[in-house]
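Have a look at the structure below before the remarks.
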Amino acid sequence: MFHLWIELKLKYYLAARTDRCVSAARQMCSMRLSPDNHEDFLKTAVSALNSHLSEEIRVLGLRRAIRSFKAHKDCDKRTYSYTLPTYAFAKTNELTTNDFRINEASIAELNDLLSLYKGTHNFFNYTSGRTYEDRSSMRYIHDFKCGPTQLVEDIVRGDMVEFITLYITGQSFMLHQIRKMIGIIFLSFTMDVPKAPGLGLILEKVHYERYDKWYEKTHEKLNNWSDEVENEIGKFRERYIIAEICRQELATHSMFLWLTTLIKHDILIPGITRSSKERLPLGLASDLAYVSFYSFVL
């Protein structure tokens, strides 16, 4: 009831929701406030709110928007990232260990695979309770690509582990969609799609390019805040999110344990040739995606 009161009374909305165990480097919320002095309120509200919050939750800016603004409905697109150890992309004849380092050829092949997600596709297999005929399963992906790699020290074992970050920007996402996109590629018939661990997933940014274009003459922009705020976000992200993701991954090996469960999932597809099966894992994934894009529902 309390949450319902907040939504109805304050018109409180979040731009994006996250699964359990998923972090947010940036989040936008909107609410209707009526302070006595708008200018004084805008100057003091950020510091006042942060004084009641822990260091892991920070308010970085506050701006006035149009009266009808809703953070989730006026958002053009959302950017997420997924950070994971590079040994997840090891070939079948390579050891999945902390010593693994991904090469440029594998990154290029991975980018080719991720690019298959771009555009409008039916993601009914990437959420729960949807059918192929459900038009709400159609989603548009703007971009999906690899980011930089980084070495992180495993304090317990005394060696360095390589991590890589994948970045995805889409108009909107369904429950578990991104984690399942990480787990497997497109299929046009119902199957058991593995869901990657939630640990490495981060809501990076919510975009308001259309809003800024429409109201740039009357209101401050919401897509870009300032270099100072962006620097604060970068520091916060590295200190409280990326560091914690790497720490937990090195302590629990959630990605490695998840990889061992893939054998339990039925991901066989009719029509894949023997030559395809003899290709590298990423190449095979690309073949599976191509077949599913241009096949009918079975």
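May I ask which of K73/K118; K11/K235; K77/K213; K118/K205; K70/K205 have a Cα-Cα span longer than 20 Å here? It would help to have the intermediate numbers written out before the result.
Details: K73/K118 22 Å; K11/K235 31 Å; K77/K213 15 Å; K118/K205 18 Å; K70/K205 16 Å.
Beyond 20 Å between Cα atoms: K73/K118; K11/K235.
Through the Karplus equation 6.51 cos²θ - 1.76 cosθ + 1.60, θ set to phi - 60°, convert the phi angles of the range 74-79 into ³J(HN,Hα) values in whole Hz; use x for Gly and Pro.
3J(HN,Hα) across the range 74-79, in whole Hz: 8, 7, 6, 7, 9, 10.
Going by average Cβ density within 10 Å per residue, which order do the peptides 73-84, 159-170 take, highest to lowest? Don't jump to the answer; show the numbers that get you there.
Working: 73-84: 20.4, 159-170: 18.9.
Those peptides, ordered most packed to least, come out 73-84, 159-170.
If we count every other residue with Cβ under 12 angstrom of A90's Cβ, Lys/Arg +1 and Asp/Glu -1, where does the sum land?
Numbers: positive: K91, R101; negative: E94, D99, E162.
Summing Lys/Arg as +1 and Asp/Glu as -1 gives -1.
Lysines within cross-link reach of K195: Cα-Cα under 16 Å, excluding same-chain residues under 8 positions apart?
Those lysines meeting the cut-off are K180, K264.
Every number in this text was worked out from the coordinates using simple rules, so none of it is lab data. If you're wondering where the values come from, they're calculated on a predicted model, not measured in any experiment. A quick note on method: Cβ atoms are made from the backbone with ideal geometry, for glycine too, and the neighbour counts reach across all protein chains shown.
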